[in-house]
Every structure is written in structure tokens, then in C-alpha cells.
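Data block below; observations after.
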Amino acid sequence: MPSTSIKSFLKSTHTIEKQLTPQPEEQEVGVVNDSGPARRESFSLPELHRFWTEFARPIEEENPRLFSMLTAHLPRLKSGHIIVFPLKNETQESELMKVKSELLNHLRQSLKNDTLLLETEYLIEETKETVIFTNSDRWKAMIDKNPALEMLKEKLRLDLD
């Protein structure tokens, strides 16, 4: 019957821990550049927008819904390397997550910045419900939609009150 010494047991445990511990290059998730340290070139917001729409353009025919979502709003930058993209709901977020790694890789390559991250935020849409009770309220609502009506009223010398 073979015997096991404490020394050999500790040595094998240390080897297993070393295998399970992530190596430094594994800790940097999503870095595309394997040739050295992460690239961190600065870029402008218009450059980001240009490469964002460049990524979206080929998607238009195969997935018009995703294309519409990607081009409806443009992303903004937060603290230089975090891209924040506004979404309307969770459905849009799940659609974005399907292409997130592809999109980030495209942006990292194009902008030469491997530290880019993508965050989402939800747009808060105000629902303004105006109840129209009187004729003057109706007239004001119509003028808000089409200001030329006021000029027409004056030219025709109408009195709507």
C-alpha cells in the first residue's frame, strides 16, 4: 500500500492552486491586442460615433430592428474609456448583449484603445398627457403642432373665441 507524505500532499495542492489561479493576461477580459500591453490611444466623440455607425451599417439588411436601435441614439463617453449607450427597455438591452463583444472588438480595434467598456442606461420618457376641454385649448394644441395656423387665422381675420 503506497503511503502519502504531508510534503507531497502540500506540493500537489500548491500545483492545483497555481492551475486554478488566473494568470495576469487572463484577468484582462476582452483585450484584443495580444502583442503587448493594452493600447490606450485617446479618441474624440465624433470618431466614436463614426466607428459606431460603421459597425451598424452592415447589420441594416440582416437585422433592421438592431440597426434601428443602434442608430436611434448615439453613445456618449464617461470618464474617457466607458461608452454609455441609451436604451428604451430590457428587450433592447438583450438585443445589444447579443452583439456586445463584436461591437466592443470593432471599437477597440478601430479606436486603438483596448480599455473600452460598454455600459447601458435607460431613457426616461416623459408621458405628457394633456386633456383638452375647451375650444381655446384645442386651438393651442393645434398651433403647437402647426404654427402656420396662427398666420392663416390672421390672414382670414377669423375670430375663434
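Structure data summary
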| item | result |
| --- | --- |
| Cα-centre dipole for region 33-138 with unit charges at Cβ (Lys and Arg positive, Asp and Glu negative), debye to 20 | 320 debye |
| Packing rank of 148-158, 90-100, where each peptide gets the mean count of other beta carbons within 10 Å, highest leading | 90-100, 148-158 |
| q = 0.18 Å⁻¹, region 70-161: log10 I(q)/I(0) [Debye, one scatterer per Cα] | -0.84 |
| Neighbourhood net charge (12 Å Cβ-Cβ; Lys/Arg +1, Asp/Glu -1) for residue 149 | +2 |
| Among 63, 104, 132 - extreme Cα towards positive end, dipole of region 41-161, charges at beta-carbon | 132 |
| Karplus-derived HN-Hα couplings along region 100-114 (A = 6.51, B = -1.76, C = 1.60, θ = phi - 60°), whole Hz, x at Gly and Pro | 4, 5, 4, 4, 4, 4, 4, 5, 4, 5, 5, 8, 6, 9, 7 |
| Förster radius 30 Å - calculated FRET efficiency between residue 126 and residue 38, Cβ distance, rounded to 0.05 | 0.15 |
| Accessible area of region 53-161 belonging to carbon and sulfur atoms, whole % at 1.4 Å probe | 51 percent |
| Efficiency of FRET between residue 61 and residue 91 - r from beta-carbon atoms, R0 25 angstrom, step 0.05 | 0.75 |
| Rel. contact order, % - alpha carbon contacts under 8 angstrom, at least six apart, region 41-161 | 23 percent |
| Extension gain (nm, one decimal) between residue 153 and residue 139, 0.36 nm per residue minus Cα-Cα | 4.0 nm |
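The values are calculated or read from the model by the stated rules, or taken from the named source; none is laboratory data. From a predicted model like this one, the values you see are computed outputs, not experimental measurements. Note that each Cβ is placed from the backbone with ideal geometry, even for glycine, and that neighbours are counted across all protein chains shown. Heavy atoms of the whole protein, side chains included, go into the accessibility calculation; ligands, DNA and RNA do not. Shrake-Rupley method; radii C 1.70, N 1.55, O 1.52, S 1.80 Å.
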